[in-house]
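One structure is given below, encoded as structure tokens.
No lab work stands behind these numbers, since they all come straight from the coordinates. Predicted model only: the values in this text are computed from it and were never measured. Every residue, glycine among them, receives a Cβ derived from its backbone with ideal geometry; neighbour counts consider all protein chains shown.
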Amino acid sequence: MRFQIDNEYGKLEAVLVHRPGREIERLTHDNMRQFLFEDIPYLRRMQDEHDNFAATMRNHGVEVVYLENLLGDIVRDAPAREHLIEVVCRNAGVPAIADQLANLKHWSTDELVQILFAGVTAEEFHDRTGRRISSAGASEHFLLRPVPNAYFSRDPAVVVRDAAISSKMHYRERVRETVLTRAVLEYHPEFKHNTITYGGTSEPTEDRPYTIEGGDVIILSPDAVLIGASERTRSETIELLAGKCFSAGQVKRVYEIPIPTQRAFMHLDTVFTVVDRGTVVWYSEVMQEIGYIHRYEPAEKTDGIGAQRVPESRSFTDVLRDEFGTELTIIDTAGGRGHFASREQRTDGTNTLAIAPRVAITYDRNERTTAALEEHGITCLGIDDSELVRGLGGPRCMTMPLRRS
């Protein structure tokens, strides 16, 4: 499968997702905030909602690829399995369990894939291997902690043009999501021929504090990318990433815009998305208060092509008009009705997923945003969301587009 994402609205052909699994059942009222949740979803209904989401995409011609299935292929290959488990355990601070965890004498491949998402407790590890490992200080007695945010597959990696960016997650609780997605990109036969522009295992220096998450990356055109400097993406990373993209010949311009470093606006795509060329959805309380725009362009450096910040005098709306090459239509969250806009931004009304020009998947609950979209001629495909929304992410958050026409 060859990657190709030139914008946010071309017909979606293939997408990577993760169906929520047993990692959700690891959440308790004592640990849910540590794992970045504010409530405990009901897993079976959550899976039903996710299945409906995937079916909606398939019914519109989208190939839906599951991360867990690709990981299953990887763990069947001994060298790839051993390397992946070693990296996972080292990052989790438990390198002593790697050999036993990678030993298929103790687990089936399906069980091992489940562990990669749901983690393993000291007692579970002892029951299967006979080895007792101290779990002192480990949350909930986990040797390997769960990653319940993994169904938000937008954040661990993003495709820009014909190459991938492997993210560096802000919170420790999400680092393994990057490790798992990067393993698929690097080792799976379907993907390993594609390039990773930033964040590959061969580039260990591209690490903390250089954090970036996929929800902050929005592709305006084949020439330009917009990146939010947010709670989870650092300005320093944007400049470094811009240089990598320029060196690879992917884009010609990278724009950095700041959004408030608050949990409610964790990524740019929680306050801004694109549903067609020149048509955007935004939460005006944030987007009308942008304090600056940094524009990066290619520049000759001593070690090759890098990024140079150049003055940007245009307003954000003028930048969008110029990059889209057309007039700009702005659709306000909840139609701009302040009280309801605040409610529906919080429940991801702005986080739309365009699967074709002027066709977007939205959450059913965000009725006023849906009405505003439809008033502007956007076809909305509503999906059930009572459990999916509890992780604070919407349809765009739950997808990693691989190819658009």
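Counting every other Cβ atom within 10 Å of each residue's Cβ, GLU300, GLU374 order from fewest to most as GLU300, GLU374. Proximity of backbone amide H atoms, modeled 1.01 Å from N, is registered between LYS168 and ILE212 at under 5 Å, excluding neighbours fewer than 5 places apart on the same chain.
Simple spin-label estimate for ARG33 and GLU374 gives 3.9 nm between the two label positions (7 Å along the Cα-to-Cβ direction from each Cα).
Scanning the chain for DSSP H helices at least 30 Å long along the axis (C-alpha atoms) with a Kyte-Doolittle mean no lower than -0.5 picks out nothing. Taking 0.36 nm per residue of sequence separation and removing the Cα-Cα distance, the ARG358/ILE305 pair yields an extension gain of 15.4 nm.
Compactness of the chain is given as radius of gyration and Dmax, 20.8, 66 Å, from Cα positions.
With charges only on Cβ, +1 for K and R and -1 for D and E, what is the dipole size of the chain about its Cα centre, in debye, rounded to 20? It would help to have the intermediate numbers written out before the result.
Values: 48 positive and 62 negative charges, 95 e Å.
Approximately 460 debye in magnitude.
Length gained on full extension, TYR171 to THR326, computed as 0.36 nm times the residue gap minus the Cα-Cα distance: 52.0 nm. Note that segment 355-366 has calculated 3J(HN,Hα) couplings of 9, 6, x, 6, 10, 9, 8, 9, 7, 4, 5, 8 Hz, one per residue in order, obtained from phi through the Karplus relation 6.51 cos²θ - 1.76 cosθ + 1.60 (θ = phi - 60°); glycine and proline are x.
Packing, taken as the mean count of other beta carbons within 10 Å per residue, orders the peptides 188-195, 326-333, 11-18 from highest to lowest as 11-18, 326-333, 188-195.
Label-to-label distance for ALA78 and LYS192 is 1.6 nm, based on points extended 7 Å past Cα in the beta-carbon direction.
Taking a ≥ b ≥ c as the square roots of the eigenvalues of the Cα gyration tensor of segment 71-144, is the shape rounded (a/c under 1.5), prolate (a/b larger than b/c) or oblate? Mind dumping the intermediate values first?
Numbers: a/c = 1.81, a/b = 1.54, b/c = 1.18.
It is prolate, given that a/c is not under 1.5 and a/b is the larger ratio.
State whether segment 12-129 is rounded, prolate or oblate according to the following rule on the C-alpha gyration tensor (a ≥ b ≥ c being the square roots of its eigenvalues): a/c under 1.5 gives rounded; otherwise a/b larger than b/c gives prolate, and the remaining case gives oblate. Let's see the in-between values first.
Working: a/c = 2.33, a/b = 1.33, b/c = 1.75.
Judged from the Cα gyration tensor, segment 12-129 comes out oblate (a/c at least 1.5, b/c at or above a/b).
FRET efficiency for the pair THR317 and ASN52, taken as 1/(1 + (r/R0)^6) with r the Cβ-Cβ distance and R0 = 51 Å, rounds to 0.90. Residues within the reach of a label modelled at ARG131 (point 7 angstrom out along Cα to beta-carbon, backbone nitrogen below 12 Å), restricted to segment 98-118, are 98-104, 106.
Peptides 339-349, 37-47: what's the order by average Cβ count within 10 Å, highest mean first?
Numbers: 339-349: 19.7, 37-47: 15.8.
In decreasing order of mean packing, 339-349, 37-47 become 339-349, 37-47.
Here's how it looks for THR362: its modeled amide H is under 5 Å from those of LEU381, GLY382, ILE383, which are all 5 or more places away or on a different chain. Between LYS105 and GLU236, the contour length at 0.36 nm per residue exceeds the alpha carbon distance by 42.6 nm. Relative to the Cα centre, the charge distribution of segment 71-144, modelled as +1 at Lys and Arg Cβ and -1 at Asp and Glu Cβ, gives a dipole magnitude of about 200 debye.
In a simple Cβ point-charge model (Lys, Arg +1; Asp, Glu -1; nothing else charged), segment 277-405 has a dipole of about 180 debye relative to its Cα centre. Dividing the helix sum by the residues of the chain, where each DSSP H run of 4 or more adds -39500 (n - 2.57), gives a mean residue ellipticity at 222 nm of -8500 deg cm²/dmol. Amide H contacts of LEU144: VAL120, each under 5 Å away and 5 or more positions distant or on a separate chain (H built 1.01 Å from N in the peptide plane; Pro and chain starts excluded).
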